[in-house]
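**Q** Below is the structure I would like to discuss, written out as structure tokens.
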Ligand SMILES: Cc1ncc(COP(=O)(O)O)c(C=O)c1O
């Protein structure tokens, strides 16, 4: 059992008011808030240990290096990677995916090769592959979607063939909340000799992810969506794959030997971390992992399932108003993400009115433009929950939507 009030007390921002109302923050798929321990870790680093890493023999530099590498260890054990060498610090999930594309992709993808994606990919797991395919003359194929927003795997054997060199799939969709059967997809990818990239930006904050159990070749995520700071992300890669990859960025810190003519590369992961890394934010991401593990990822996932089930029930009250809720209708198949459309009310108008009530939701295409268009709308409103949200906040959202519909229908609210 987790005590949500106790958790909420750890997040200073949750006590603030917005437009005269208690903040109801339902934009967690975009970014999450930070507990005091994460904020304090940043302050502590800059106040007490600030120094560059891997460079100095002086005390501050050694302390910074120890904390920085300890954070890498924490990430490694959090996702159960074989070794912390497999953990490469990046700025965010987007950068991690670009590194895979520019390094592994440019070396291994050739004309006629195929890359398989799902139709629900975030632009960050779409455009790097589009660019790679354009330059290399490769082809991108897409899995199909069922009406409920789950993946249709009935034609997977036609789509995944010996031409498929890479399969890159989102674990949990930021636009629909769909939880994808990634272990099965990874197994299929390996059967045809393809590598499997898993976009964990929306899964790792909410559930236990074990990269060895899934057997993915790459796993990417962003710190800021899991209570950590912005500007820090992770690229996990299997060592045997990373070892065959060249660095995308070169410069300081990532070299072994340098002459006026050439350079040789440092060991992994430093090979992929040119220049001074984001030291403070990596350390604070380690603190975020401590915080999440202290609550327990299974507790988080189970609590959020309760929110999802409750939200799905409450959204039924809006069906008579013509409100369409996109994505699966079961908490087994979907995270606590509610993407919806109200006929006659633009999501931006809804978002603005809800903001007046202190309720923060996201409106737009959620960086999944092709998917949103395929739903027959140009934008949706999206409420996305985290472990610090309450069932009462689901009620406030539903009341806010009802009142907005009344306002647009007869001017009352
Ligand atoms: C599923 C998914 N993948 C990738 C990203 C990209 O994350 P970032 O903007 O932190 O690089 C996001 C961000 O919303 C996302 O939801």
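**Q** Binning at 5 Å from 0, report for region 28-70 what percent of all alpha-carbon pair distances ends up in each bin.
**A** Percent of pairs per bin, in order: 6, 22, 22, 19, 12, 10, 7, 2, 0.
**Q** Now for a different question. Find the relative contact order for the chain and round it to a whole percent, using C-alpha pairs within less than 8 Å whose residues are 6+ positions apart.
**A** Rounded, it is 22 percent for the chain.
**Q** I've got another one for you. With the convex hull built on the Cα atoms of region 356-408, state its orientation-averaged projected area in nm².
**A** 4.7
**Q** While we're looking at this one, here's another question. How high is the relative contact order of region 215-326? Use alpha-carbon pairs under 8 Å, at least six apart in sequence, and give a whole percent.
**A** Rounded, it is 21 percent for region 215-326.
**Q** Step by step: find N for region 312-413, compute 2.2 N^0.38 Å, then divide the Cα radius of gyration by it. What's the final number?
**A** In units of the globular-protein estimate, region 312-413 measures up at 1.02.
**Q** Then there's this: Report the Cα-based extents of the chain along its three principal axes, largest first, to the nearest Å.
**A** Per principal axis, max minus min of the Cα coordinates gives 76, 56, 36 Å.
**Q** Can you give the angle from 0 to 90° between the axis of helix 279-295 and the longest principal axis of the chain, with both taken from C-alpha atoms, to the nearest 10?
**A** Tilt relative to the chain: about 50 degrees.
**Q** Using bins 5 angstrom wide from zero, how does P(r) for region 96-158 break down, in % of all Cα pairs?
**A** 4, 18, 26, 21, 16, 11, 4, 0
**Q** Which number do you get for Rg(Cα) / (2.2 N^0.38 Å) in region 54-197?
**A** In units of the 2.2 N^0.38 Å rule of thumb, it is 1.24.
**Q** Something else about it: Separation of region 277-329 and region 340-409 by C-alpha centroid, Å?
**A** Spelled out, the Cα-based centre of one part sits 16 Å from the other.
**Q** Something else now. For the chain, modelled as a GNM with alpha-carbon contacts under 10 angstrom, which of 69, 240, 273 fluctuates the most?
**A** Highest fluctuation of the listed residues: 240.
**Q** Quote the Stokes-Einstein diffusion coefficient, in whole µm² s⁻¹, for region 1-135, based on the Kirkwood radius over alpha carbon pairs, a temperature of 37 °C and a viscosity of 0.692 mPa s.
**A** Translational D for this selection: 171 µm²/s.
**Q** From the Cα gyration tensor of region 121-223, with a ≥ b ≥ c the square roots of its eigenvalues, which class applies: rounded if a/c is under 1.5, or else prolate if a/b is larger than b/c, or else oblate?
**A** Rounded is the answer for region 121-223, as its axis ratio a/c remains below 1.5.
**Q** Give the Rg/Rh ratio for region 18-89, taking Rg as the radius of gyration of the Cα atoms and Rh as the Kirkwood radius, to two decimals.
**A** Looking at region 18-89, the ratio lands at 1.13.
**Q** Then there's this: Using the Kirkwood radius built from alpha carbon pairs, what does the Stokes-Einstein equation give as D for region 249-384 at 25 °C and 0.890 mPa s, in µm² per second?
**A** Answer from the Stokes-Einstein relation: 129 µm²/s.
Bear in mind that the values in this text are calculations on the coordinates, not laboratory data. From a predicted model like this one, the values you see are computed outputs, not experimental measurements.
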